Amino acid sequence: MPAAEDVPVIAIDGPVGSGKGTVAHRVAAELGFLLLDSGALYRVLALAARARGASFEDAGTLAHLADRLDVAFAAGDATDPVRTLLAGVDVTREIRTEQCGNDASHVSACPEVRDALLVRQRGFRRPPGLVADGRDMGSVVFPDAPVKVFLTAAPGVRVERRHKQLMAKGIDVSVARLFRELAERDRRDRERAVAPLKPAEDAVVVDTTGLDVDFVVARVLEIARLRMAVVSRDE
Ligand code: DC
């Protein structure tokens, strides 16, 4: 069994609607790598905090919940390829609402929460490799990842994609409201003091505006193959 630091990580970061979730899934499937959807961890924590009636300002309780978070991921179906379980209960749908995304953005601004989830996220780094999707995968969680990609897209395109995704899941929300909430969430994720959303210094930034998902997947795979070849040659 190779040491964790020898297991390749492809870090895919970016804001809501940049396409990172879909791209991460496809890249992981293509390479046979494990997948970490770090946003799902923050979403599940937000759900657990709401169920407890915990305040999003109460760092102590949030960190306590994060430490003990009983979350598991399992294979799903075509609509939801990954099922998420909180204490054995299927919360796949609940965690995908905009409300839960916004709640997750609040709880994730708490430094104690980020600390509590750090080791758990690093635990996903297992052979043959990991594709990690989030906001700080390349900058904080896996700073030594050989491959770091930061996906962006114009705000209007991101709102449109998010709207389509939600409609496909049967979640109805107005475009205008989505636009407002997305801008607010972006601002909070970018401006928080700890692990703000920004590209790692050594990340390749890919603007996905006007690109279809096949093209972006191919581009990320190309970056990954080049970078992984360079890293193994230098060893
Ligand atoms: O990627 P997502 O929409 O599922 O993430 C939900 C929120 O969780 C996001 O607005 C900010 C937070 N998050 C984070 O702070 N760090 C990550 N690595 C992933 C998500």
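Explain nothing, just the number: dipole magnitude of the stretch 119-166 about its Cα centre with +1 on each Lys and Arg Cβ and -1 on each Asp and Glu Cβ, in debye rounded to the nearest 20. Value, rounded to 20: 160 debye. For the stretch 199-210, the Karplus equation 6.51 cos²θ - 1.76 cosθ + 1.60, evaluated at θ = phi - 60°, returns couplings of x, 4, 4, 9, 7, 8, 8, 10, 7, 8, 4, x Hz by residue, with Gly and Pro reported as x. Here the stretch 132-213 is assigned +1 on the Cβ of each Lys and Arg and -1 on the Cβ of each Asp and Glu. Its dipole about the Cα centre then comes out at about 380 debye. Between Ala229 and Asp67, the C-beta separation translates, for a Förster distance of 41 Å, into a calculated FRET efficiency of about 0.60. Give the lysines whose C-alpha is closer than 18 Å to that of Lys164, dropping any in the same chain fewer than 8 places away, or say none. Within the straight-line limit of under 18 Å, Lys164 reaches these lysines: Lys20.
Stretching the chain fully between Ala59 and Glu112 yields a gain of 18.4 nm (0.36 nm per residue, less the alpha carbon separation). Computed extension gain for Ala87 through Glu30, at 0.36 nm per residue and net of the alpha carbon distance, reaches 17.5 nm.
Given Cα pairs under 8 Å that are at least 6 residues apart, what percent is the relative contact order of the chain?
Details: 360 pairs, mean separation 76.4, N = 235.
Relative CO of the chain lands at 33 percent.
Pulled fully out, how much extra length does the chain show between Asn102 and Lys164, if you take 0.36 nm times their separation in residues and subtract their Cα-Cα distance? Gain on stretching Asn102 to Lys164: 20.5 nm. Within the chain, helices built from complete DSSP H runs that reach 30 Å or longer along their own axis (Cα positions) and carry a mean Kyte-Doolittle hydropathy of 0.5 or higher are 213-234.
Magnitude of the charge dipole for the chain, about its Cα centre and with charges confined to Cβ atoms of Lys, Arg (+1) and Asp, Glu (-1), is about 360 debye. Placing a label point 7 Å from the Cα of Ala74 along the Cα-to-Cβ direction, the residues of the stretch 87-114 with a backbone N closer than 16 Å are 87-94.
With runs of 4+ DSSP H residues as the only contributors, calculate the mean residue ellipticity of the chain at 222 nm using -39,500 (n - 2.57) per run, divided by the residue total and rounded to the nearest 500.
Details: 8 runs with 111 residues, N = 235.
Here the helix-only value at 222 nm equals -15000 deg cm²/dmol.
In the chain, a dipole from Cβ-located charges (positive for Lys and Arg, negative for Asp and Glu) runs towards its positive end, and of Val82, Val27, Ala132 it is Val82 whose Cα lies farthest in that direction. Using the average count of surrounding beta-carbon atoms within 10 Å as a protection proxy, the listed peptides 206-215, 26-35 rank, highest first, as 26-35, 206-215. Here the chain carries DSSP beta bridges of which approximately 30% are antiparallel, counting only pairs with both residues inside.
Taking every alpha-carbon pair within the chain, the share separated by more than 28 Å comes to 27 percent.
None of the figures in this text is laboratory data; all of them are computed from the coordinates on show. None of the values given here were measured: they were computed from a predicted structure. Please note: Cβ atoms are built from the backbone with ideal geometry, for glycine as well, and neighbour counts cover all protein chains shown.
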